[in-house]
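Have a look at the structure below before the remarks.
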Amino acid sequence: MTLFTTWHARHADAVGAAAKALAGKSVTSMEIKWHEDVRKWHPGQKWIWEAGGFGVFDPGINAFSIATAIFPGSLFVSDAKLSVSEGAQTPIAADITFESPECDGPLTCSLDWRRSEGEEWTIRVKTDESDVLLSDGGARLFIDGNEQSVSGLGEYPDIYRRFAELIDERRSDVDVRPLRLVADCLLVGSTERVEPFPA
């Protein structure tokens, strides 16, 4: 039997190239911005605001799945500030601080579902040698401001490719790190009530 757990953003075309560019590097900082409009991606859905619905961590776990794939070391949540709309049980926004034995600089993440126009899905990792930026949810890669040529099957085709590969090899691939980061945010996070976001 093969067990495979993953998140679609981790299979974006530029994620693997970013991981290779950062491998073995000394990280000085990381900044994640995952901002989008919940009304566009989850229109009229109430389950996301109920207990167990994850709220902004529903898209945010995709950012965590990329970060844990490309960051050359371990990530731990040291602080989280969760913004929860009146009447909801899950956050609509979160500001997170990570820590890592492999980095002495700032490791931050901003998740926000109140973006009214367009999306911003970026992860910027600075090292002592270069500035690595993933944009468009991991589809594009820039190193020191220069866009890199990347190729791939696309997120979902690559998921199925990987699943078929695991089945053929009779192996499993289970990575709980992104889910653990979400759970830790909810465990250590402080909560503030904010105005309801207009549907």
- [ ] Using +1 at the Cβ of each Lys and Arg and -1 at the Cβ of each Asp and Glu in the stretch 1-138, identify which of VAL56, HIS42, ALA93 lies farthest towards the dipole's positive end.
- [x] HIS42
- [ ] Go through 165-175, 53-63, 108-118 and give me the packing order, highest mean Cβ count within 10 Å leading.
- [x] 53-63, 108-118, 165-175
Task: DSSP bridge pairs, the stretch 1-114: antiparallel proportion in percent, nearest 5 - done: 70
Task: Dipole magnitude of the chain, debye to nearest 20 (Cβ charges: Lys/Arg +1, Asp/Glu -1, about Cα centre) - done: 420
TODO: Quote the Stokes-Einstein diffusion coefficient, in whole µm² s⁻¹, for the stretch 19-59, based on the Kirkwood radius over alpha carbon pairs, a temperature of 10 °C and a viscosity of 1.306 mPa s.
DONE: 121
- [ ] Go through LEU82, PRO106, PRO72 and say which Cα lies farthest out towards the positive end of the charge dipole of the stretch 1-127; charges sit on Cβ, +1 for Lys and Arg, -1 for Asp and Glu.
- [x] PRO72
TODO: Just add up the charged neighbours of GLY55: K/R +1, D/E -1, any other residue whose Cβ is under 13 Å from the Cβ of GLY55.
DONE: -2
Task: Cα-based Lys pair tally, the stretch 1-143, threshold under 27 Å, eight or more apart or on separate chains - done: 10
Task: the stretch 58-199, Cα convex hull volume normalised per residue, Å³ - done: 159
Task: Charge tally in the Cβ shell below 12 Å around VAL77, where Lys, Arg are +1 and Asp, Glu are -1, VAL77 excluded - done: -1
Open item on the list: Can you give the FRET efficiency to the nearest 0.05 for ASP95 and THR5, using r as the Cβ-Cβ distance and R₀ = 30 Å?
Closed with: 0.65
TODO: Would you tally the net charge around LEU166, using a Cβ to Cβ cut-off of less than 13 Å, leaving LEU166 out, and scoring K and R as +1, D and E as -1?
DONE: -2
Task: Inter-probe distance in nm under a simple model that places probes 7 Å from Cα toward Cβ, at ILE143 and ASP104 - done: 2.6
TODO: Would you calculate the separation in nanometres between label points at ASP131 and SER116, each defined as 7 Å from the Cα along the Cα-to-beta-carbon direction?
DONE: 2.9
Task: Separation of the ARG170 and ALA183 label points, Cα + 7 Å toward Cβ, nm - done: 3.0
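We did not get these values from a lab; they are worked out from the coordinates using the rules stated. Note that the coordinates shown come from a computational prediction; the quantities given were computed from them, not determined experimentally. With ideal geometry, Cβ positions are generated from the backbone for all residues, glycine too; neighbour counts draw on all protein chains shown.
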